[in-house]
Structure formats: structure tokens, C-alpha cells
Amino acid sequence: MAITRPAKALQALIVLSLTSVLHATGVDAGRPVTRGQLIGAWRLVAMDYLGPDRSTVDPFYQPDSTGLIIYDPSGWMSVHIAGPHRQAWRVPVSRLTGGAGPQDSALKAAALDSYYAYFGTWDLDERRALVTHHVTSALLPAEEGQSYAQQVSLENGRLVFTTRTGPEGGQTIRHKVWERALPP
């Protein structure tokens, strides 16, 4: 049975509300996340964004975004997040190069603006509940060599990443909620 867009939006709202309540009440708090618990594939469920101006719209991701993050036991990881309603276009016979026409350039820009991906290695500081992604290569070349640290928790079996950026009182807080990806 297909889930309609309003139903998906309601589902995302419920997940975000529950995640916020669980986060505030500390369900599963105090139990450190272990390396073994992260291993595997996780499907993006929701993202919760609170900007310094109290906005709730993430400047990049959209509420209906989909994604997959994989943690390999050898220390490798990859993450992919796709925005909804990506513009479909035919698969080119060969890679589009710098000589592409304006229409091809617009399609490439739309594809870049609606997809996010990188891979690299990861480590976990269990004591501080901090997972760090060390980017080897990325869709955005400027991210290569960067490291991204996020607070990590398990809340009712869901993986929750929390990042805080900006000065105290003007912080942006982002939660990304993932659940185990079931086999296809």
C-alpha cells in the first residue's frame, strides 16, 4: 500500500514530536552507544531543525528527504541523502562535460542541489557519545578531508544525531533520526 504525501508528512511530524519528547525526557539516556550498535545500515526517518531565529525549516534538507547511512565494522562509512521530487532526466550516453548546453547545466545543478553524499572512515568516542565522520571523498569536493562530529544516542532503537552550531543563545540545533534499514 502506497503512503500518500499528507500521510508521510503526518508520519514525519509524529516521529519528530516523539523524538523531541524522548530527547527531552532522556529515554535511553545514560546508556552509552557502543561501536557494535552502530554497525549496519540505517534509513533516514526524519530531521528536526531549529534555527537561531526559531525557524524549523532546514536550509538544505526537506521534510520528505530519504537517506541511508552505513557503518562498516572495518571503520568505513557512507551517507546519502536525497531530497524529494528530484527532477527526472534521461541517463546520458556519456558523462556531461564542461561543454554541456544550458539545459544540461541546469539539470546538473538541480541534481547537485537535491542530493548529498560522502564516504570515509568513522570513529566513536563512547565516553562522550560522539561519532566522527572523516570524509575521504564527497559530492561536494570542498568537504574532502573534513571531519564531522555529532552527538549520538539510541532512543527506542532509533539512532539520533544531534549537532549544535553557533554561539550560545544563537545556536542552530539539528537532529537526524535513523532507524535500522530492513533487507530489501
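Among the residues of the stretch 123-139 satisfying the criterion of being touching a residue at least 24 places away in the same chain (Cβ under 8 Å) and of a type in the set (A, V, I, L, M), which is farthest from LYS176 (Cα to Cα)? Break it down stepwise before answering.
Let us first name the residues in the stretch 123-139 that are touching a residue at least 24 places away in the same chain (Cβ under 8 Å), namely 123-124, 126-127, 129, 131, 133, 139.
Next, from what is left, pick out any that are of a type in the set (A, V, I, L, M): 124, 129, 131, 139.
On the way: LEU124: 17, ALA129: 15, VAL131: 13, LEU139: 20 Å.
It comes out as LEU139.
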* Please work out if ALA129 is over 21 Å from ALA82 (Cβ atoms), small (Gly, Ala, Ser) and surrounded by 15 or more Cβ atoms within 10 Å (Cβ to Cβ). => yes
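Every number in this text was worked out from the coordinates using simple rules, so none of it is lab data. Predicted, not measured: the structure shown is a model, and the values here were computed from it. Positions of Cβ are backbone-derived with ideal geometry, glycine not excepted, and every protein chain shown enters the neighbour counts.
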